[in-house]
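Here's the structure we're looking at; comments come further down.
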Amino acid sequence: MTDAALPRSAPTRAPIREATAWDRLKTNRNWLGFWFMVPAAAFLILFLAYPLGLGIWLSFTDTRIGRPGEFIGIENYEWVLGDRKFQDAVFNTLFYTTIASIAKFAIGLYLAILLNHHLPFKAMIRAIVLIPFIVPTVLSAIAFWWIFDPTFSIISWTLKEMGWRTTNINFLGDAWNARWSVIFANVWRGVPFIAITLLAGLQTVPPSLYEAATLDGATRWQMFRHITYPLLTPIIAVVMTFSVLFTFTDFQLIKVLTNGGPAGATELMATMSYNTAILGGKIGEGAAISTAMIPFLLGAIMISWFGLQRRKWQQGED
Amino acid sequence: MTIKTPSLDRRSFLSGTATLGAGAMLAGSGLTDFARAWAQSAPFKPEANASIQLLRWKRFIQAEEDGFMALVDAFSKATGVKVNVINESLDDVQPKASVAANTNQGPDMFWGLYSLPHLFPAKCTDVSDVCNYLGKKYGGWAPTAETYGKSQGKWIALPVAYNANVINYRQSMIEKAGFKSIPKDTAGFLEMMKALKAKSVPGGFALGRASGDGNAWVHWVLWSHGGNTVDKADKVVINSPETAKALEYAKALSDTFVPGTASWNDAFNNKAFLAGEVSVTNNGVSIYAAAKAGADKDPKMKEIRDDMNHSTWPVGPVGRPTEFHIAYPMLIMKYSKAPNACKAFMTFMMEAENYNKWLESAVAYLSHPLKAYDANPVWTSDPKLGVAKTAAWDTLTAGGQGSVGERAASALADFVVLDMFASVCTGRETVQGAMAVADRQLKRIYR
């Protein structure tokens, strides 16, 4: 039985099958990449693109609460643009955003530079600076509500006790006082975000640059102007973009402090949109007011990105 | 029985399953016995294992809420229907109801202000059976209750109660200004306010976006001078000589106010009055209730309690009262899975055995819409409270001469009239300019 000693012939291998389309898809990097992107894209579409698209669509309809609307073209926009209250709200929003953003930037940058130096209890001071940002907006708004109260204001009380005034300050009952008061509250709340973010940026500036500048005999202002500021520009662009967007769309502070009063002097586009759509039931009109905010917001973003980020070295070029 | 108390959060909610205190009160009151007997013969049979949620305006008087929760607890015990009561501040009820109506999700019942149900009449369950039953049993509804409750001949909401918005004043302060009582006409009233500013403590009315107090006084001024937002056919007539006169009168009146009224919401005048900073304001009788509640511990509160009083509004050139009291209608959303349980609750709440006790616990903060409750002891127990008794019969309705529908609700929600007065009183607009802005807004709403 010599045959028995012979090794058995190896089992025949299955022929290599043709790669199916599915196999190719499984190993196709682009296809896999697409699938990895799907959750993020779905999230963005569901929670950002869809509401935005719906909002824009609603602004072209006469939808009211509890009743679907019909397409009415640009009628809502025509009405809103001719409305004195809307024109006032646009002015208020631009004024509020501009002044508050400039003030927040100036104070935030000053604080960041201050905190970047070696100070005693540095960690604790940095934590304290963050407090206004940590407190929920509604709570800080209520605190300011009391601070600006026409009858019980601590500021009025202190000034009266010191003999500097005989009457209470009409913080929220006078148009300009109210505007400055809400701006003050917004700045108080917004400064920590800017200060801490800029501080983080400052800490990425290599100390060797300052050393070199010192050796060259640069003054402190020259060091700030030619080292700190240019290197901080990308962070400033990001932080100010966010700051402008947050301020432009501010709602809570105004709602609690003045509810748009006195007589519409502090009405912002965001509060007006809410009041029109949710309180007044006119969803189409409210959506038109919200949508009208988009060009302003896009404008703010453009200025930030093209104005502050045009430096070539930031785009990877030399 | 679970106990849940309001947290510090503004949106705190209180579980409807009543408090232990309310339970103890029930044991002695016989409310549960009545509830059980009532449940046997109730005109509306709740669905099996029903559970309902009610969103109401947050109470201004603790005793009122205690009385209400006792009633809720009795209903739950007798019928087995769980009732969750969520409390929201007055200004937050409407946005929540609006969102619920739009999304077909949320509490089964909403209890809000003025013409809230008319913002979305198509979403409200027909409660004609409840209201007809109650009207027949308790001497009939006040005409304004029918106006607020009905849409196209059907009851879309139950007009539960009113809150009389009246003039609150300090007797000693108006006497110092040379007046014995609140003048009965608008001209005399202006003279008194001027004298108060010159010789005593000034008065003040809310010019901020105060849904209750702000709307009440500016509508009084508008109507008392013959001005109106719309006529009987809902045609916009705000831009008129009568409105101009009303605005001029309000401007003159506001010149006598304490500083800051342009920022006042519904709570500011209460605080200022209780601090002795204001001699005359408009409000419900809740300032008096707060003074009474604090009188035992605080001599200042005792002084205010003894010194303050209430008055109806002066009559203007039109020669008849033009008051604007707050209506509190309750509605059932059409999406509710337990409409019968809701109807049963509404009926139970308004039955004399419950409503009378609750009305007493509200110490005249709430006024009844059904004639039979004229006999409630609260109206004779304290002469200072009698002024609120006929609020439902004295008030004009949202929209004035016009219909109390969706458009009137929208105009009220947009603060068209209040903003018009505030812009003139604060000097931001001329009389003509303010009327033109309001006219444009109203024409859009009533188009």
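Bear in mind that the values in this text are calculations on the coordinates, not laboratory data. Since the structure is predicted, the reported quantities are computational estimates derived from the model, not experimental observations. Cβ atoms come from the backbone with ideal geometry, glycine included; neighbour counts cover every protein chain shown.
Please go through the residue pairs B:LYS184/B:LYS443; B:LYS58/B:LYS357; A:LYS282/B:LYS245 and name each one whose alpha carbons sit more than 29 Å apart in this structure. Violating the 29 Å Cα-Cα cut-off are B:LYS184/B:LYS443; A:LYS282/B:LYS245.
When the listed pairs A:LYS85/B:LYS271; B:LYS271/B:LYS300; B:LYS194/B:LYS300 are checked against a 19 Å cut-off, the alpha-carbon distance exceeds it for A:LYS85/B:LYS271; B:LYS194/B:LYS300. Report summary: the helix-based calculation at 222 nm, which adds -39500 (n - 2.57) for every DSSP H run with n ≥ 4 and divides by the residues of chain A, gives -19500 deg cm²/dmol. Evaluated at q = 0.06, 0.08 Å⁻¹, a Debye calculation over the C-alpha positions of the protein assembly as shown (equal weights, vacuum) places log10 I(q)/I(0) at -0.46, -0.75.
Pairs of Cα atoms under 8 Å, at least six residues apart: use those to get the relative contact order of chain B, whole percent. If you can, show how the numbers build up before the last one.
Details: 900 pairs, mean separation 107.4, N = 447.
Over chain B, the number comes to 24 percent.
Here is the tail figure for the range B:112-161: Cα pairs spaced more than 19 Å apart come to 16 percent of all pairs. Measuring nothing but how far apart in sequence close Cα pairs (under 8 Å, 6+ apart) lie, relative to its length, the range B:306-400 scores a relative contact order of 33 percent. Just name one of A:ILE142, A:MET302, A:LEU111: the one whose Cα is farthest towards the positive end of the charge dipole of chain A (beta-carbon charges, Lys/Arg +1, Asp/Glu -1). My answer, from the dipole projection, is A:LEU111.
Within 10 Å of the Cβ of each residue in A:171-178, the mean number of Cβ atoms contributed by other protein chains is 5. Cross-link partners for A:LYS122 among the lysines, with Cα-Cα distance under 30 Å and sequence neighbours closer than 8 places in the same chain left out: A:LYS104.
Neighbouring Cβ atoms from other chains, within 10 Å of the Cβ of residues in B:261-270, number 6 on average.
Across A:LEU109, A:LEU253, A:LEU48, mean-square fluctuation computed from a Gaussian network of chain A (C-alpha pairs under 10 Å connected) peaks at A:LEU48.
Sum up the charges of everything whose Cβ sits under 11 Å from the Cβ of A:ASN116, counting Lys and Arg as +1 and Asp and Glu as -1, but leave A:ASN116 out. Don't jump to the answer; show the numbers that get you there.
Numbers: positive: A:LYS122, A:ARG126; negative: none.
That works out to +2.
The tail of the calculated P(r) for the range A:77-315, taken as Cα-Cα distances beyond 21 Å, holds 64 percent of the pairs. Counting only Cβ charges, +1 for Lys and Arg and -1 for Asp and Glu, the dipole size of chain A around its Cα centre is about 700 debye.
Which number comes out as Rg/Rh for chain B once both Rg and the Kirkwood Rh are worked out on C-alpha atoms? Don't skip to the answer; put the middle values down first.
Numbers: Rg = 21.7 Å, Rh = 22.4 Å.
With Rg and the Kirkwood Rh in hand, the quotient comes to 0.97.
The Cα-based radius of gyration and maximum Cα-Cα distance (Dmax) for the range A:115-169 are 16.4, 44 Å.
So for the range A:77-315, averaging the separation of alpha carbon pairs under 8 Å that are six or more residues apart and normalising by length, what relative contact order in percent results?
Working: 268 pairs, mean separation 68.7, N = 239.
This gives 29 percent for the range A:77-315.
A straight line joining the Cα centroids of the range B:177-249 and the range B:66-104 runs 35 Å. Structure remark: mean-square fluctuation, Gaussian network model of chain B, C-alpha springs under 10 Å; the largest value among B:GLN432, B:GLN171, B:GLN152 belongs to B:GLN152.
Amide H contacts under 5 Å for B:VAL83: B:ILE52, restricted to partners 5 or more places along the chain or on a different chain, H placed in the peptide plane at 1.01 Å from N. With K and R counted +1 and D and E -1, the other residues having a Cβ less than 12 Å from that of B:ALA252 yield a net charge of +1.
Tally Lys and Arg at +1 and Asp and Glu at -1 over the other residues with C-beta under 12 Å from the C-beta of B:ALA122: what net charge comes out? With Lys, Arg at +1 and Asp, Glu at -1, the net is +3.
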